[in-house]
1. Near K40, which lysines are there with a Cα under 23 Å away, not counting those fewer than 8 places off in the same chain?
2. Straight distance only, please: which lysines reach the Cα of K75 with their own Cα at less than 24 Å, same-chain residues fewer than 8 apart left out?
3. Once you put a point 7 Å from the Cα of R211 and another 7 Å from the Cα of A56, both along the Cβ direction, what distance in nm separates them?
4. What does the charge count around G168 come to, taking other residues whose C-beta lies under 14 Å from its C-beta (Lys +1, Arg +1, Asp -1, Glu -1)?
5. Among the lysines, select those whose C-alpha is under 24 Å from the C-alpha of K366, and discard any that sit fewer than 8 residues away in the same chain.
6. Highest mean first, how do 263-271, 71-79 rank when packing is the count of other Cβ atoms within 10 Å averaged over residues?
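What follows is calculated from the coordinates using simple rules that are stated; it is not laboratory data. All of these numbers come straight from a predicted model, not from anything done at the bench. In this analysis, Cβ positions are derived from the backbone assuming ideal geometry, glycine residues included, and neighbour counts consider all displayed protein chains.
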Amino acid sequence: MRPLLVLAALLCALLGAAQPASAHTELVSSSPKDGATPAKAPDHLTLTFDEVVDLARVRVLTVDGDRLPVARTAKDNVVRVALGSPADGKFAVVWSVVDEGDGHASSGRIAFAVGAAPARTGGDEAQTAAPAPSPSVRKGLVAVRWAGYLALALFIGGLAFVALLWPGGAYEPRARALLGLAWTAGLLATVAAVGLQGAYASLGGLRDALRPATYADVLATEPGVVLAARGLMWVLAAVVLAALLQGAARSPGWRVGALAVAFGLLRTTGMTGHNSEGSAPTWGAVADFVHLLGAALWIGGLAMLALAVLPRRRPAELAEVVPGYARLAALSVTGIVGAGLVLAWQVVGSFDGLLHTSYGHLLLVKTAVLGCVLLAAYASRQWVRTRLDLAVLLRGDAATVRPFGYSVAAETGLVLVVLAVTSLLVTADPGR
């Protein structure tokens with residue numbers, strides 16, 4: 001356990017000192033501007049971004065799909081693009097750039113014409129549509145993130161449930177299987193995310209996500225380093241899980257190691273989202289950590305309760321575990337809601353952004369589904385208050401426990417929808 005504790009502590013110190021991912025790289029201006037009509041044909045196009053960009057991650061293409069040469073200027077956020085001389089005097093290019101912080105791909109189109117000629121035509125618009133990541137890669141990335149969020153919640157929440165509320169669960173086959181499955185899914189999702197992130201950033205296809213060169217390129221970037229650290233934390237989590245299955249849940253050393261690994265997993269998960277956008281990235285990182293921790297304790301404990309505790313219908317376990325989880329869930333939901341409000345305002349920034357952007361719409365959908373989850377949670381809490389004593393008295397009678405099982409199952413199903421929307425939010429651009 002000592003090497004585990006030392007390595008986990010070092011990783012947590014590094015992750016705690018690291019800065020979270022920065023906001024997406026966006027184009028601020030161009031010269032000539034989109035839609036301009038300069039008097040004579042320019043020999044170059046200047047693109048100014050809102051932050052420093054890596055030339056290797058900036059692409060500018062012509063109508064025919066030819067890549068134009070780019071060069072850095074005196075400013076690290078300004079790129080110079082060499083232009084040809086089209087016969088009709090019309091220029092149309094598409095650009096794309098990959099953010100160094102979170103690997104998000106941004107793109108756009110710029111068209112202009114010499115003199116009074118129209119800067120845009122329908123044919124040019126169709127031919128020069130802005131490049132975008134492959135839909136299959138985007139869907140794969142969303143699916144992998146959904147699996148990663150679910151695995152994280154089941155593993156950390158399940159560990160906390162067993163350690164704090166149900167130590168005997170370490171010997172229950174259902175609980176052991178749930179924790180093992182969560183660990184396996186978390187590690188596989190992290191490995192798959194590296195390849196898909198590389199394909200997404202390079203605007204490639206699913207085949208590119210399987211190439212070793214893609215993994216090498218991603219691991220040389222900041223998002224890749226974060227994913228590598230998360231993969232290492234999952235490896236360390238295997239030691240924590242093995243010790244738990246051997247009955248170390250009450251050991252102080254195991255608890256310190258479990259806390260260190262849980263912190264590392266939560267921190268690396270929050271470092272590749274939108275939590276640093278806005279004027280207070282530190283508060284965003286703290287709010288994101290509280291949000292993830294609350295969700296993990298709530299969802300992981302909910303799954304452990306539904307799949308491992310309730311099927312046993314043992315009166316002593318129900319009397320001890322259910323009230324304790326009800327209190328833990330109430331505290332977790334409070335943290336989720338409070339931190340969620342901070343994150344939502346920091347990323348969206350205004351009511352207009354909430355109501356008139358796709359990101360804001362997804363956020364509203366997530367809030368609505370979360371409201372339904374809270375209604376199911378309220379029904380479960382009411383059962384605990386009014387029917388738990390009777391269920392214990394009747395020694396876990398199936399008919400008495402069944403309504404509680406139904407509300408817990410509904411709560412669990414809706415939570416999966418919330419996680420799916422969360423995965424879409426991480427991929428979505430807050431400004432669109």
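1. Within the straight-line cut-off, K40 pairs with K90.
2. K75 reaches K33.
3. 1.4
4. +2
5. Within reach: K139.
6. 263-271, 71-79
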